[in-house]
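Heads up, the thing below is written out as structure tokens.
The values are calculated or read from the model by the stated rules, or taken from the named source; none is laboratory data. If you're wondering where the values come from, they're calculated on a predicted model, not measured in any experiment. Heads up, the Cβs are rebuilt from the backbone with ideal geometry, glycines too, and the neighbour counts pull from every protein chain shown. These area figures cover heavy atoms from the full protein model, side chains too; ligands, DNA and RNA do not enter into them. Shrake-Rupley method; radii C 1.70, N 1.55, O 1.52, S 1.80 Å.
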Amino acid sequence: MKRRDANSIHAVGIALALLAACGSDGKSALTTAVVVTTSATAAESTSSVGTTTVVPPTTAAAPTVPPTTPPTAPTTTEPATIAPATTTSVAAQSRQVAIWPAADVVFASPEAAATDFVTKAFGFSPTLGTFEQGDTRSGEISVLLGEASSPPTLRSTLVLRQLGPDDGWFVVSAINVSMTIDAPVAQSTVPSGELQVSGTGRGFEALIVVEAFVAGSADKLDTQTALAGSAETAEPFTVALDVSGAHAGDTVVILIRGGVGLENDPGEFSALAVTITG
């Protein structure tokens, strides 16, 4: 404390001396002296108290902002494309190939069409069963054949239908479960030339006859024989028919029959129609 007072007195003395020496400039000198005194005092204060550590201000870290995810564009779904429905013309659906008669011949009744077919195909008139109506435009007739001295026996069933612009009656097919044609398929198209015919049948001494002719004509394109079953059970057969005499667009009848050993009885038979492509 004594040392500090001595220094203070000494400083004041110096200040007064300067004031006296400066005269008119006493104000400026006094100011200078005060500054010096103040500086000395501050220095003394610093040396007395000790060193003061100045801590720089803490800079706060900027808050972390998560990156902004751009909005996802909405997904658009293309509308499903619906294919137009396929339609089949009524004419194509109703088109049916018949085995008898020719397309330009019109029979007013199913019985007339059935009688003409059997007479032309075999050379004698059949005994027919009663016409059994199916729908309004079709039906079936049984064909009965046999020697004059024996009762007629069922040989086949004819399927008939009204076709064409004149609604004439046509024989569409002949069916017997013991005489079947597996190939070609009924109503199919086949090329002109050699035609493989296969199926099952039975006949007298296992002999069956396979024929081809143009619908409405009794003239045969070809006739072949084959061996099949000879008893109650029908057995397989295969033959090759030559239908090269038919023209493109012709309806050809494939007929199989199994004889019974009688001159006026062709036996059981079946028939179907195909179309020649060329």
Legend entry - Boolean, residue 244 is touching a residue at least 12 places away in the same chain (Cβ under 8 Å), farther than 20 Å from residue 145 by Cβ and in contact with a Ser or Thr (Cβ under 7 Å, 6 or more places away or on another chain): yes
Legend entry - Matching residues, region 249-278, being closer than 19 Å to residue 99 by Cα, in contact (Cβ under 8 Å) with a residue 60 or more places away in the chain and of a type in the set (D, E, K, R): 257, 268
Inset, instruction - Inspect all residues belonging to region 153-168 and state whether any of them is in contact with a Leu (Cβ under 8 Å, 6 or more places away or on another chain) and farther than 20 Å from residue 218 by Cα. - result: yes
Inset, instruction - With the condition kept exactly as written, say whether any residue in region 179-189 is under 24 Å from residue 131 (Cβ atoms) and of a type in the set (Gly, Ala, Ser). - result: yes
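Within region 151-159, identify whether any single residue is in a strand (DSSP E or B), closer than 24 Å to residue 278 by Cα and not polar (S, T, N, Q), and answer yes or no.
no
To keep it simple, each residue is scored yes or no on (1) under 37 Å from the mean Cα position of the chain (by Cα); (2) hydrophobic (A, V, I, L, M, F, W, C); (3) open to solvent by 70 Å² or more (accessible area, probe 1.4 Å).
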{"site": "161", "(1), (2), (3)": "yes, no, no"}
{"site": "171", "(1), (2), (3)": "no, yes, no"}
{"site": "187", "(1), (2), (3)": "yes, no, yes"}
{"site": "196", "(1), (2), (3)": "yes, no, yes"}
{"site": "209", "(1), (2), (3)": "no, yes, no"}
{"site": "213", "(1), (2), (3)": "no, yes, no"}
{"site": "223", "(1), (2), (3)": "no, no, no"}
{"site": "232", "(1), (2), (3)": "no, no, yes"}
{"site": "239", "(1), (2), (3)": "no, yes, no"}
Inset, instruction - Quick one: which residue in 210, 143, 197 is among the β-branched types (Val, Ile, Thr), at pLDDT 95 or above, touching a Pro at 6+ places or on another chain (Cβ under 9 Å) and within 12 Å of residue 254 (Cα to Cα)? - result: 197
Inset, instruction - For region 163-278, please list each of the strands (runs of 3 or more DSSP E) lying entirely inside it that holds at least 3 residues being over 21 Å from residue 127 (Cα atoms). - result: 180-183, 194-201, 207-214, 220-227, 235-242, 251-258, 268-276
